[in-house]
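Shown next, in structure tokens, is the structure this report addresses.
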Amino acid sequence: MKSIASLLLLLFLFIIIFSLLGMQLFGGKFNFDQTHTKRSTFDTFPQALLTVFQILTGEDWNVVMYDGIMAYGGPFFPGMLPKLIPDILLNVFLAIAVDNLASGDAGTAKDKGG
């Protein structure tokens, strides 16, 4: 139970950190489509939290990624750079989470065996 609580805390910190990072990188830059109001933006902190949660659940994440690439000039070198940052940080988060769960399971297996 302890490892699940620490994993949820880590997930909550992950959402907050990526919301703040998204506000720094993409705040006010998703305004190139004037035909309709964007729901997934990083303009305010609550909206950034919802956008990060939307990406984590996989609900229409590709539209947010496309908007992020277009905000930095399209699918060329500078535009693809912001896409690499979340990929790297997501891999770091997953490595920490798997290590945390693996060490928690190893501790309980030792206790049961001995």
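Nothing in this text is a laboratory measurement; each read-out follows from the coordinates by a stated rule. All of these numbers come straight from a predicted model, not from anything done at the bench. Heads up, the Cβs are rebuilt from the backbone with ideal geometry, glycines too, and the neighbour counts pull from every protein chain shown.
A few comments on the model shown:
- Inter-label distance, residue 76 to residue 98: 3.7 nm, where each label sits 7 Å from its Cα along the C-beta direction.
- Along the range 39-49 the Karplus relation, 6.51 cos²θ - 1.76 cosθ + 1.60 evaluated at θ = phi - 60°, assigns HN-Hα couplings of 8, 9, 10, 10, 6, 10, 5, x, 5, 5, 4 Hz to successive residues, with x for each Gly and Pro.
- Trypsin sites (Lys or Arg not before Pro) within the range 1-55, DSSP loop, no more than 14 other Cβ atoms inside 10 Å: 39
- In plain terms, the chain from residue 38 to residue 25 could stretch by 3.0 nm, reckoned as 0.36 nm per residue minus the Cα-Cα distance.
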